[in-house]
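First the structure, in the form of structure tokens, and then the observations on it.
Read-outs throughout are calculated quantities, based only on the coordinates presented, and are distinct from any laboratory measurement. This is a predicted model, so every value here is computed, not measured. All Cβ positions, even for glycine, are placed from backbone atoms using ideal geometry, and neighbour counts span all protein chains on display.
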Amino acid sequence: MSLHQFLLEPITCHAWNRDRTQIAISPNNHEVHIYKKSGNQWVKAHELKEHNGHITGIDWAPESNRIVTCGTDRNAYVWTLKGDVWKPTLVILRINRAARCVTWSPKENKFAVGSGSRLISVCYFEQENDWWVCKHIKKPIRSTILCLDWHPNNVLLAAGSCDFKCRIFSAYIKEVEEKPAPTAWGSKMPFGEVMFESTGTSGWVHGVCFSDSGNRVAWASHDSTVAVAEGGKTAVCTSLSSETLPLLCVTFITENSLVAAGHDCYPVLFVYDSNNAALSFGGKLDVPKQSAQKGMTARERFQNLDKKASVDSKEAVLESVHKNSISQISILNGGKAKCAKFCTTGMDGGMAIWDVKTLESAMKDLKIV
Amino acid sequence: MSKNTVSDRFRKVDIDEYDENKFVDEEDGGENQLGPDEGNLMGALQAVLKNPPINTKNQNVKDRAEGLVLKVLSSFKASDIEKAVQSLDKTGVDLLMKYIYKGFEKPTDNSSAILLQWHEKALSAGGVGSIVRVLTARKTV
């Protein structure tokens, strides 16, 4: 597992290209920086400057090699590589608040943008007008959409929102695709139809993720819970209240295991058992640095007792790899079915790459089912 | 006829509040009206944490429930607190945290010290997550 410190500013969002040799990050400002891997170093290759406000979401389509970015200036741009330069195309989203997150659909013919105007813009390219057009999903969203994830069938879209709910919508655009086959979430999928709405957890939904088959969706919410719902005749929802600070991002690494990370600065594994519909805590995925244990002097003990009424000393220095909250997690290889490596970026400006095999051997009780 | 009062503020008094025979809807904690028996403190804790008045809008019910919980918590011996917290399940620990923070809002002479001891034990059982759930809960106790 390796950590690379890009800058001291928080990395708001990142996206990898198809062969994982380039990473596009936004260092908490109006620009996107693309870094190329050369040997062991990361060299800045491009700077994409077109947005007028902070960039809140980046996604890189692996097959068509296009980047879509969205920002607080209420715009989204689709960037295509012409020669050695990235050229932007403006997409009018028709929103009157900041855009918050953006993702390409699996077939890369559409992308969805979640925004603070309480709607999701699903954008597709219209050939005759040579222009990106968008359609809105408004009902029954009551607050900002924080996170989005597409189902593998290119039609269903999971959205986590600040109105404490995770929903699955249909984003079927008849101009660009065929009618989808029935799925575990339902068979009639007109545009904007709510296929599933979560109940039970309260707290903003920070991260949402479909499993590789699309039959399960997991979300992390601000009341320190993680929940998984399984589609079927009646959707089965299970949630787990964790003992840690809220998690900000979640992803499936196999059909039954999730990795999530958040304000506690280390990734955590959860295992979902579908037979009992139970979600359990798998373990903390962080290799702690062995810090020298200093003995406590009697004076320190008394000071601790006086100030904090406790005898043991809590380390003031974080022992985890990331020194600040982790805001985004992305799969590097293996896909969501058998992930072998994943990458986390956070507010400390660092990017860490985690290898699942070494983690499995390092943590003794870790079982990735 | 002459008016016998200069002001008509009396019309704004809610006389139903002062009626001695007023019907008060018993929601919960009714079993524990007489205070916890010294012997059965664990049972008292379980009973008082059952059926919390989360869904009512009636402030009186919430205040009464909180008063009862506070009474039960203060009658525990310091050494028994840890065992009592262990006997609760996850939702119980979350609920206990909610009451502890509610109790912090209106401190009386002794309550803060006792509540802090309960807070320390509940924190080691529920972790920071239980405090986050107190802060983000939409329906308060």
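Here are a few things to note about the model shown:
- A:D130 versus B:S79: modelled label distance in nm, points set 7 Å from Cα along the beta carbon direction: 8.6
- Residues listed by number, region B:38-70, amide nitrogen under 20 Å from B:Q86 label point at 7 Å toward C-beta: B:40-47
- Shape class of region B:76-141 from the Cα gyration tensor (axes a ≥ b ≥ c, square roots of the eigenvalues): oblate, since a/c reaches 1.5 or more and a/b does not exceed b/c.
- The charge dipole of region A:102-147, taken about its Cα centre with unit charges on the Cβ atoms of Lys, Arg (+1), Asp and Glu (-1) only, comes to about 460 debye.
- Residue of A:L81, A:L93, A:L285 that the Gaussian network model of chain A assigns the largest fluctuation, springs spanning Cα pairs under 10 Å: A:L81
- GNM flexibility winner over chain A from A:N17, A:N304, A:N333 (Cα, springs under 10 Å): A:N304
- About its Cα centre, the dipole of chain A is roughly 240 debye, where the only charges are +1 on Lys and Arg Cβ and -1 on Asp and Glu Cβ.
- Here region A:98-240 is assigned +1 on the Cβ of each Lys and Arg and -1 on the Cβ of each Asp and Glu. Its dipole about the Cα centre then comes out at about 440 debye.
- C-alpha long axis of helix A:298-308 to longest principal axis of chain A, angle in °: 40
- Full-stretch length increase - A:S361, A:N29 - with 0.36 nm per residue and alpha-carbon distance subtracted: 115.6 nm
- Sum of side-chain charges, A:K139 neighbourhood, beta-carbon under 14 Å (Lys, Arg +1; Asp, Glu -1): +3
- Gain upon complete extension [A:I353, A:N275; 0.36 nm per residue less C-alpha separation]: 24.9 nm
- Filtered chymotrypsin sites (Phe, Trp or Tyr not before Pro), region A:2-52: DSSP coil and at most 16 other beta carbons within 10 Å: none
- Label point distance in nm, B:T140-A:T234, each placed 7 Å from Cα along Cα→Cβ: 3.5
- Among A:A45, A:C339, A:S327 the positive-end extreme of the charge dipole of chain A (Cβ point charges): A:S327
- Sparse-neighbour loop sites [GluC sites (Glu not before Pro); region A:1-82; at most 16 other C-beta within 10 Å; DSSP]: A:E63
- Across peptide B:122-131, the average count of Cβ atoms from other chains found within 10 Å of a residue's Cβ is 4.
- Sequence-distant residues sharing a close amide H with A:W79 (under 5 Å, placed H): A:I67, A:V68, A:T69, A:T89
- Charge dipole of the protein assembly as shown about the Cα centre (unit charges at C-beta), most positive-ward option of A:A278, B:M97, A:T80: A:T80
- Taking the fewest neighbouring Cβ atoms within 10 Å as the starting point, the ordered list for A:T21, B:T5, A:T225, A:T183 is B:T5, A:T21, A:T183, A:T225.
- Mean silhouette area of region A:56-195, derived from the convex hull of its C-alpha atoms and averaged over all directions, reads 8.3 nm².
- Cross-link pairs A:K37/A:K82; A:K49/A:K338; A:K307/B:K106; A:K49/A:K284; B:K83/B:K139; A:K179/A:K336 - those with Cα-Cα distance over 30 Å: A:K49/A:K338; A:K49/A:K284
- Sites B:L116 and A:N333 - FRET efficiency at Förster radius 56 Å, r taken between beta-carbons, to 0.05: 0.65
- Here r is the Cβ-Cβ distance between B:K57 and A:E255 and R0 is 41 Å; the resulting FRET efficiency, rounded to 0.05, is 0.40.
- Taking label points 7 Å from Cα along the Cα-to-Cβ direction, B:S124 and A:E63 give a separation of 5.7 nm.
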